[in-house]
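Trainee: Right, I'll just put the structure down here and ask away after.
The values are calculated or read from the model by the stated rules, or taken from the named source; none is laboratory data. No experiment lies behind these values; they were computed from the predicted model shown. Every residue, glycine among them, receives a Cβ derived from its backbone with ideal geometry; neighbour counts consider all protein chains shown. Ligands, DNA and RNA are excluded from the accessible area calculation, which covers all protein heavy atoms including side chains. Shrake-Rupley method; radii C 1.70, N 1.55, O 1.52, S 1.80 Å.
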Amino acid sequence: MGHFTAVDYVIFAVLLAASMGIGLYHALSGGRQRTTQEFLMADRSMSCLPVSLSLIASFQSAVAIIGVPAEIYTHGTQYWFIGCAYFLGLLIPAHVFIPVLYKLRLSSTYEYLELRFSKAVRICGTLTFIFQTVVYMGVCVYTPAFALNAVTGFELWGAVLATGLACTLYTTMGGLKAVIWTDVFQTAVMFAGQLAVIVVGVNQTGGASEVWRKVWEGNRISALNLNPDPTERHTFWTLGVGGVFLMLSLYGVNQAQVQRYLSARTEKEAVRSCYMAFPSLQLSLALSCVMGLVMFARYCGEDHSYANTLHFGCFPQMVIYFVMDMLEGFPGLPGLFVACLFSAALSTISSAFNSLATVTMEDLVKPHVPAMTEARATLVSKALAMSYGLLCLAMAYLTHLMDVSVLNVALKLFGMVGGPVLGLFCLGMFFPWANPTGAMAGLGAGLALSFWVGIGSIFNRSSGARPLSAGCRAALLSDNSTSAVHTALDNLTLSKPSGLNRFYSLSYMWYSAFSCFAVILIGLIISFLTGPMKEEDVTPGTIYPVFGKLLCFLPEHLKKKLCCVTPRGPTVSKIMDLSAPRCKEGNGLVLAQEDGTSHEELDRFLPEVQAAFVEHETTV
Ligand SMILES: CC(C)(CO)[C@@H](O)C(=O)NCCC(=O)O
Ligand code: NA
């Protein structure tokens, strides 16, 4: 197998150096990262282009770059239908979540939970996010290093340490501005690397029509699978409908993304960035799917040296093997692909460090130390970003100890942990009756159910291995494969799950939707049992009147009766209570802000808000 030349290592080093350069630039320019507003929120001054590229970079890591081609190679193009989920998966955040969250002018998205429910719900939301992100970042930093190491002997722990430390450094120096601008640069490198592999790969295989012929004859082009069985791993329903909930949990309520929307200059700019993320996300999906197809065309029917590793799902090494095989003899291109992999990883973990620092600061530290000076708060935020960077290295080691198939793990984690949090936000925004007790019970039950099915599926391997499709079998059963392989495959595909095993074999693409609905249902039941929230008790601006909008033909008084209009009222003092530690930023009073009002205009209110706050505090 081809080894790296000096040129390749130099390209990798240049990637790290350029990223750190961007970090240094933002540490020394602008406000020099001396306020939390700049360090955590990029001064709320970003325009839509960098924000949109940064949005797609957050959850597009080496896991997707390696995992998706492997998935397409093994199971055909069915996974590509997840692109259908991008429509609603971005439209709903743009027109439901952004308007509500942006107007509240939060820093942490979990502040919403306190405004709508209670402090306890907020803390639970924050802790859930921290858990999800800490596990995810370990997988993200470990995956590219591991895959490269397995095939090319690339220094495993050297790569983990170099990426983890470089990323920690530029995130700590340059704050969110550096994170967003490195995302822009890294997304470009990511696309360039994928494109290079595809162009060279198509050439090596004998042109686009030859690739098409081979994947067509090899049965890789999947027809739309409309099987309603929820245990079938990838169908149109699991990907196109279940995927919408996955997208909502990531692009609607996940702190990493919401923080980007909030860093936009205006609400319009935030909505526009969400729209602009759509084509780039489709492009990214298309590139990784096409890469899987080219890979199949290259190896189908001839070289099955790596097919042995395919038996139990998708192995990342295979993709690296293919890439190195393709790019051998093109000096610099293997290095470009390495840069592509690590770009994807860096842009994800940098978002993780910054968003973790933000929620820890805003939700866990500030409420307990309300008198902290701005300088001290910024210092603590930087210390937090750095600590999470170092924790990431520890998590990479933990990932190393668990032997996992990365794409499934990432998607399962998003569903198991992100789904209940999505449910919590939906419960709060769409159901004015939901009360804090219901929210707590709903979140607890939703998490319990999703961990039950998620952990159950791990111990229920027999059905976990079921997804070997007919096409995959064809690929594995080359002429010279033994009858033992045939028998093993038949046993795998014949065993149909029943009873509890059927529950455990729920497709992981349904996890988000399943746990989201569980939270809403249990949350509503408990709320009605313990006394539903009254309209005048709900904080203004925290409800999205979805029923009011859907039932717009009803007369006004009936709508009011159904409690499906935005509650309004002179409850400013109540908001001041709830958001006391944040009031210096003037969060509470900007609720009436109209669409498109710029932060500059808002800032004119700040002195008034501060005066009101001081008055409020001294009279209490
Ligand atoms: C999150 C989606 C589904 C959005 O397209 C996709 O980027 C994906 O499959 N990501 C896998 C996780 C990762 O790349 O880290
Ligand atoms: Na990324």
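Trainee: Residues in the range 360-380: is at least one part of a helix (DSSP H, G or I) and within 16 Å of ligand 2 (Cβ to nearest atom)? Full working, then the answer.
Mentor: Step one: filter the range 360-380 for residues part of a helix (DSSP H, G or I), giving 360-365, 374-380.
Going one step further and asking which of them are within 16 Å of ligand 2 (Cβ to nearest atom), we end up with none.
No, the conditions are met nowhere in the range 360-380.
Trainee: So which helices (runs of 4 or more DSSP H) stay within the range 1-111 end to end and still have 3 or more residues that are touching a residue at least 24 places away in the same chain (Cβ under 8 Å) and away from ligand 2 (no atom under 16 Å from the Cβ)? Quick ask: steps written out before the conclusion?
Mentor: Working: elements: 6-28, 36-41, 48-58, 62-75, 85-92, 98-103.
By residue number, 6-28, 36-41, 62-75, 85-92, 98-103.
Trainee: Considering only the range 112-145, how many residues are aromatic (Phe, Trp, Tyr) and within 16 Å of ligand 2 (Cβ to nearest atom)? Break it down into steps so the answer makes sense when it comes.
Mentor: Of all residues in the range 112-145, those aromatic (Phe, Trp, Tyr) come to 112, 117, 129, 131, 136, 142.
Subsequent filtering for residues that are within 16 Å of ligand 2 (Cβ to nearest atom) retains 136, 142.
Number of matching residues: 2.
Trainee: Here's something else I'd like to know. Only one of these conditions is not met by Ser343: (1) in a helix (DSSP H, G or I); (2) surrounded by fewer than 24 Cβ atoms within 10 Å (Cβ to Cβ). Which number is it?
Mentor: Condition (2) is where Ser343 drops out.
Trainee: Among the candidates Ser118, Ser107, single out the residue that is open to solvent by 10 Å² or more (accessible area, probe 1.4 Å) and closer than 27 Å to Met361 by Cβ. If you could, list the steps in order and put the result at the bottom.
Mentor: Numbers: Ser107 fails: open to solvent by 10 Å² or more (accessible area, probe 1.4 Å).
Criteria check complete, one pass: Ser118.
Trainee: Here is a further query. With respect to Leu113, is the statement that it is open to solvent by less than 10 Å² (accessible area, probe 1.4 Å) and in the same structural domain as Val359 (by TED's automatic domain parsing) true?
Mentor: Numbers: open to solvent by less than 10 Å² (accessible area, probe 1.4 Å): yes; in the same structural domain as Val359 (by TED's automatic domain parsing): yes.
Yes.
Trainee: Further question: Taking the range 184-241, which residues are farther than 15 Å from Met291 by Cα and of a type in the set (Asp, Glu)?
Mentor: Glu217, Asp229, Glu232
Trainee: Right, another one. If Gly76 passes every condition in (1) touching a helix residue (DSSP H, G or I) at 6+ places or on another chain (Cβ under 6 Å); (2) open to solvent by less than 10 Å² (accessible area, probe 1.4 Å); (3) at pLDDT 95 or above but one, which one does it miss?
Mentor: (3)
Trainee: Separate question: Those residues that are away from ligand 1 (no atom under 16 Å from the Cβ) and aromatic (Phe, Trp, Tyr), I need them from the range 130-158; list them, please.
Mentor: The initial filter retains those residues of the range 130-158 that are away from ligand 1 (no atom under 16 Å from the Cβ), namely 130-131, 148-158.
Selection gives Phe131, Phe154, Trp157.
Trainee: Go through the range 226-256 and report how many residues are in contact (Cβ under 8 Å) with a residue 24 or more places away in the chain, away from ligand 2 (no atom under 16 Å from the Cβ) and among the aromatic types (Phe, Trp, Tyr).
Mentor: Going through the range 226-256 one residue at a time, the tally reaches 2.
Trainee: Let me ask something additional. Is at least one residue of the range 257-266 within 14 Å of ligand 1 (Cβ to nearest atom) and among the polar types (S, T, N, Q)? Don't jump to the end; show me each part of the working.
Mentor: Going residue by residue through the range 257-266, those that are within 14 Å of ligand 1 (Cβ to nearest atom) are 257.
The next check asks that each one be among the polar types (S, T, N, Q); those that pass are 257.
Yes, there is a match, as at least one residue in the range 257-266 is within 14 Å of ligand 1 (Cβ to nearest atom) and among the polar types (S, T, N, Q).
Trainee: Please specify each residue of the range 121-141 satisfying the condition of being open to solvent by 10 Å² or more (accessible area, probe 1.4 Å) and farther than 20 Å from Asn354 by Cβ.
Mentor: Listed by number, the residues that qualify are Ile123, Cys124.
Trainee: Could you check the range 152-189 and list, in sequence order, the residues that are crowded, with 21+ Cβ neighbours inside 10 Å and within 17 Å of Gly335 (Cβ to Cβ)?
Mentor: Hits for the range 152-189 are Phe154, Ala159, Thr163, Ala166, Gln186, Val189.
Trainee: Here is a further query. Please tell me if Leu287 is surrounded by fewer than 24 Cβ atoms within 10 Å (Cβ to Cβ), under 27 Å from the mean Cα position of the chain (by Cα) and either at pLDDT 90 or above or within 13 Å of ligand 1 (Cβ to nearest atom) (or both).
Mentor: On the way: surrounded by fewer than 24 Cβ atoms within 10 Å (Cβ to Cβ): yes; under 27 Å from the mean Cα position of the chain (by Cα): yes; either at pLDDT 90 or above or within 13 Å of ligand 1 (Cβ to nearest atom) (or both): yes.
Here the answer is yes, as Leu287 does meet what is asked.
Trainee: List pairs: first in the range 173-192 and charged (D, E, K, R), second within 12 Å of ligand 2 (Cβ to nearest atom), Cβ under 7 Å, 6+ apart or cross-chain?
Mentor: Taking only residues 6 or more apart or on different chains, the pairs are Asp183/Leu53; Asp183/Ser54; Asp183/Ala57; Asp183/Ser347.
Trainee: Has the range 213-225 got at least one residue that is out of contact with any Phe, Trp or Tyr (no Cβ under 7 Å at 6 or more places or on another chain), touching a residue at least 60 places away in the same chain (Cβ under 8 Å) and either open to solvent by less than 10 Å² (accessible area, probe 1.4 Å) or within 16 Å of ligand 1 (Cβ to nearest atom) (or both)?
Mentor: no
Trainee: Test Phe97 against the criterion of being surrounded by 23 or more Cβ atoms within 10 Å (Cβ to Cβ) and under 18 Å from the mean Cα position of the chain (by Cα), and give yes or no. Lay out the reasoning, then the answer.
Mentor: Values: surrounded by 23 or more Cβ atoms within 10 Å (Cβ to Cβ): yes; under 18 Å from the mean Cα position of the chain (by Cα): yes.
It is true that Phe97 is surrounded by 23 or more Cβ atoms within 10 Å (Cβ to Cβ) and under 18 Å from the mean Cα position of the chain (by Cα).
Trainee: Find all pairs meeting these conditions: Cβ atoms under 8 angstrom apart; at least six residues apart or on different chains; first residue within the range 273-293 and touching a residue at least 24 places away in the same chain (Cβ under 8 Å) and assigned by TED's automatic domain parsing to the domain that holds Trp80; second residue acidic (Asp, Glu) and within 14 Å of ligand 1 (Cβ to nearest atom).
Mentor: These pairs meet every condition: Gly292/Glu71.
Trainee: Assess whether Leu391 counts as being in the same structural domain as Ser52 (by TED's automatic domain parsing), open to solvent by 10 Å² or more (accessible area, probe 1.4 Å) and either in a helix (DSSP H, G or I) or within 13 Å of ligand 1 (Cβ to nearest atom) (or both). Walk me through how you get there before you give the answer.
Mentor: Details: in the same structural domain as Ser52 (by TED's automatic domain parsing): yes; open to solvent by 10 Å² or more (accessible area, probe 1.4 Å): yes; either in a helix (DSSP H, G or I) or within 13 Å of ligand 1 (Cβ to nearest atom) (or both): yes.
Yes; evaluated as a whole, the condition is true for this residue.
Trainee: Exactly one of (1) farther than 24 Å from Ala383 by Cα; (2) more than 14 Å from ligand 1 (Cβ to nearest atom); (3) among the hydroxyl-bearing types (Ser, Thr, Tyr) is unmet by Ser61. Its number?
Mentor: All conditions are met except number (2).
Trainee: Being open to solvent by 20 Å² or more (accessible area, probe 1.4 Å) and within 16 Å of ligand 1 (Cβ to nearest atom) is the requirement here; does Leu91 meet it?
Mentor: Numbers: open to solvent by 20 Å² or more (accessible area, probe 1.4 Å): yes; within 16 Å of ligand 1 (Cβ to nearest atom): yes.
For Leu91, the condition - open to solvent by 20 Å² or more (accessible area, probe 1.4 Å) and within 16 Å of ligand 1 (Cβ to nearest atom) - is met.
Trainee: Also: For Val200, indicate whether it is over 16 Å from His26 (Cα atoms), open to solvent by less than 20 Å² (accessible area, probe 1.4 Å), of a type in the set (A, V, I, L, M) and assigned to a helix (DSSP H, G or I).
Mentor: Details: over 16 Å from His26 (Cα atoms): yes; open to solvent by less than 20 Å² (accessible area, probe 1.4 Å): yes; of a type in the set (A, V, I, L, M): yes; assigned to a helix (DSSP H, G or I): yes.
Considered against the rule, which asks whether it is over 16 Å from His26 (Cα atoms), open to solvent by less than 20 Å² (accessible area, probe 1.4 Å), of a type in the set (A, V, I, L, M) and assigned to a helix (DSSP H, G or I), Val200 comes out as yes.
Trainee: Right, something else. Given the options Met533, Met509, name the one that is at pLDDT 90 or above, under 30 Å from Val121 (Cβ atoms) and either in a helix (DSSP H, G or I) or open to solvent by less than 20 Å² (accessible area, probe 1.4 Å) (or both). Explain how you work it out, then say what you get.
Mentor: Working: Met533 fails: either in a helix (DSSP H, G or I) or open to solvent by less than 20 Å² (accessible area, probe 1.4 Å) (or both).
Step by step, each of Met533, Met509 is checked, and only Met509 is at pLDDT 90 or above, under 30 Å from Val121 (Cβ atoms) and either in a helix (DSSP H, G or I) or open to solvent by less than 20 Å² (accessible area, probe 1.4 Å) (or both).
Trainee: Determine, yes or no, whether Ile65 is over 16 Å from the mean Cα position of the chain (by Cα) and assigned by TED's automatic domain parsing to the domain that holds Phe330.
Mentor: In short, no.
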